[in-house]
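Here is the structure we will look at.
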Amino acid sequence: MATIKEIAELAGVSVTTVSRVLNYDDTLNVPDETKKRVFEAADKLEYQVKSKKKRKKKLKIGMLCSYSLEEELEDTFYLSVRVAVEKKIEEEGFKKYSVNEEDTLEDVAHLDGLICLGTFSGSMIERVKSFQKPAVFLDAEGDLDMFDSVVVDIEHSVKKVLGYFFEEGHRRIAFIGGRDIDADGREVPDAREPIFKSWMKDKGLYREEYIKIGGYTPRYGYRLGKELLELADRPTAIFTANDSLAVGCYKAVQEAGLKIPEDISIIGFNDISMAKYLLPPLTTVHVPMNFMGAQAVNILAERIYSNREISMHIFVPAKLIIRESVSRRE
């Protein structure tokens, strides 16, 4: 595991700055570019470099990301996956090019294929189709008949979380999730929410007041966490749709004079770099971001080299990483 000192040295900042960035200290006044260097340094130090492989051709790969730098810094899951993709492209000796939603067919004509990372609207998927290039959608599904995809097995992962809470004696379990708005202005619901509701209803534990939906950043975790803590019959456990929401929850719990995990147990999702540095370290679902990024590059290259016409879809299982943010309820 990388140390804060090693991250600081690679990013060229102080240990204190690293600690405050990784803990989303909103009083820290540093440029976004500095935060980006810290998050990227943390991810690079966790990345296990593999031996290079010879390829028939040095591919030119376009990368289309639906999230801005500011959004990446607030929820660093996509930053981590992007870094993994870029590392794999570099490792294979390929060339990466940035693609944006305004690009035309002529702008991408020199590319061999595309990797699309993020949340994509119907119109954006149509734009990718118009590029007439092989493409892989990463953590998203494009046109299943035309494009490959690499996604997390969300249902299996959510059930792991809820099963663990249940085994530890928790029955009052809450969920904090989010919803995105795509480029067409349509709401994109959180895939974890219906699975949570179904599982809780099957157990006879579902309570509508324990469902809180907002955005995916720490400020939403803080606000929605406070709402849960203010309930007369507050939950004993909170499952957040990502680790950034869990960061906000931590702050809400601390401000309420409560302790994690003694009073409130919390589990996040994604296992981004800062999760292990929280106090207490966050129990979370580890999404193999390095593996997903590498696989996206692998299957794109394979499709280009082989001229494969049948699309391929990889569902990646995630692992529950038990740390110190969950306690047993008797």
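The values are calculated or read from the model by the stated rules, or taken from the named source; none is laboratory data. Everything quoted here is computed from the prediction, not taken from an experiment. Every residue, glycine among them, receives a Cβ derived from its backbone with ideal geometry; neighbour counts consider all protein chains shown.
Only residues that are in a loop (DSSP other than H, G, I, E, B), within 22 Å of the chain's Cα centre (by Cα) and small (Gly, Ala, Ser): list them for the stretch 131-172, please.
Ala140, Gly142
State all residues of the stretch 291-323 that are among the acidic types (Asp, Glu), under 10 Å from Asp148 (Cβ atoms) and not in a helix (DSSP H, G or I); if no residue qualifies, say none.
Of everything in the stretch 291-323, nothing turns out to be among the acidic types (Asp, Glu), under 10 Å from Asp148 (Cβ atoms) and not in a helix (DSSP H, G or I).
Mind checking whether some residue in the stretch 165-183 is among the charged types (D, E, K, R), modelled with pLDDT of 95 or more and under 25 Å from Asn23 (Cβ atoms)?
no
Would you check if Glu227 is at pLDDT 95 or above and touching a Lys or Arg at 6+ places or on another chain (Cβ under 7 Å)?
yes
So, of the residues in the stretch 1-18 that are farther than 16 Å from Lys36 by Cβ and among the β-branched types (Val, Ile, Thr), which turns out to be modelled with the highest pLDDT?
Per the stated criteria, the residue is Thr16.
So how many residues does the stretch 208-244 have that are in contact (Cβ under 8 Å) with a residue 12 or more places away in the chain, surrounded by fewer than 18 Cβ atoms within 10 Å (Cβ to Cβ) and of a type in the set (A, V, I, L, M)?
Residues meeting the conditions: 3.
In this structure, does Val128 turn out to be assigned to a strand (DSSP E or B), in contact (Cβ under 8 Å) with a residue 60 or more places away in the chain, surrounded by 20 or more Cβ atoms within 10 Å (Cβ to Cβ) and assigned by TED's automatic domain parsing to the domain that holds Cys65?
Against the criterion (assigned to a strand (DSSP E or B), in contact (Cβ under 8 Å) with a residue 60 or more places away in the chain, surrounded by 20 or more Cβ atoms within 10 Å (Cβ to Cβ) and assigned by TED's automatic domain parsing to the domain that holds Cys65), Val128 does not qualify.
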